[in-house]
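Q: Please read through the structure below; I'll follow up with questions.
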Amino acid sequence: MISKEAVRAVVTGASGGLGRAFALQLAKHRGSILCADIDEAGGRETALQVERAGGIAHFRKCDVRKADEVLALVDAGKEALGGVDLIINNAGVAVAGNVGDVKLEDWAWQVDINLWGVIYGCHAFIPYFRSMGRGHVINVASLAGLIHVPGMGAYNVTKAAVVALSETLAGEVLGSDIGVTVLCPSFFETNILRSSRRSGSIDTTAAEKMMKRSRVQAEDVARIALRAAQKNELYALPHIEGRAMWGMKRLAPRLFYGPLAKLGARLSRPR
């Protein structure tokens, strides 16, 4: 569980989108943030915006595909912030395409960033939090980790694994002052589609429109996730439609997946 004030946080994927939104939300409460990202220009811009918003910020270049660079964030956080209360494993990318169409190198790229990046973050910070006797982990998954739309197999697999890792970790730290929250948002505007890789006839136009129309955007998602962490809640589903779909799936999974397949076909309709 984390406090409401002056949190010291490490945020991966901080150069824009949800990562920047997390950093700016923390800045509103005088937080200190180590902005970690492979994109140096974007990460430094986030750090600058944090300082303007009243927080304390430092930038650290980090490729979450590389274990040593993620592990080094612990010492970097201690040096820059005087300690770390919160790790937000946020860095992520997307691969769209049907199983069998997606190239194996794209599967590897997806898994390396979305899953191994989170594994490395947990592996690095959980021992540190145990030594401190407290701390919190926010792992950014997706509604795709709970509900699996056709045409997004590689993405779904990594996000489902992040949910599984978070649930496992929550059980392992139960009874301590270490908390775990897994964030599962649905559609909101982010930079993820700009760097996405696509195979076959997959078209993400419909998804992009749904992102723009959402009433819950990155700032709201970050705020809701941080509030869930303050309450030590395991799941954070910021979108009402996401909560509704998850509930429907659990109540009637066989009936649910027929309409979901049709939704997937609509979202992946060729141009």
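Every number here is computed from the coordinates shown, using simple stated rules; none is lab data. Everything numeric in this text was worked out from a predicted model, so none of it was measured. Positions of Cβ are backbone-derived with ideal geometry, glycine not excepted, and every protein chain shown enters the neighbour counts.
Q: At 0.36 nm per residue, minus the direct Cα-Cα distance, what do E241 and R130 gain on full extension? Give it in nm, one decimal, please.
A: Extending this stretch completely gives an extra 36.3 nm.
Q: For every other residue with a beta carbon closer than 9 angstrom to the beta carbon of A36, add +1 if it is Lys or Arg and -1 if Asp or Glu, then tell me the sum.
A: 0
Q: Could I ask something else about it? Mind checking the alpha-carbon convex hull of the stretch 35-184 and giving the volume per residue in Å³?
A: Hull volume normalised by residue count: 115 Å³.
Q: Another question about this same structure. What nm value, rounded to one decimal, do you get for the distance between A252 and K66 when each label is placed 7 Å out toward the C-beta?
A: Reported label-point gap for A252 and K66 is 5.2 nm.
Q: Bins of 10 Å, beginning at zero and ending with the bin holding the largest distance: percent of Cα pairs per bin for the stretch 1-101, please.
A: 18, 50, 23, 7, 3
Q: I would also like to ask the following. How far is the Cα center of the stretch 108-136 from the Cα center of the stretch 36-52, in Å?
A: So the two Cα centres are separated by 21 Å.
Q: Pulled fully out, how much extra length does the chain show between H29 and D112, if you take 0.36 nm times their separation in residues and subtract their Cα-Cα distance?
A: 26.6 nm
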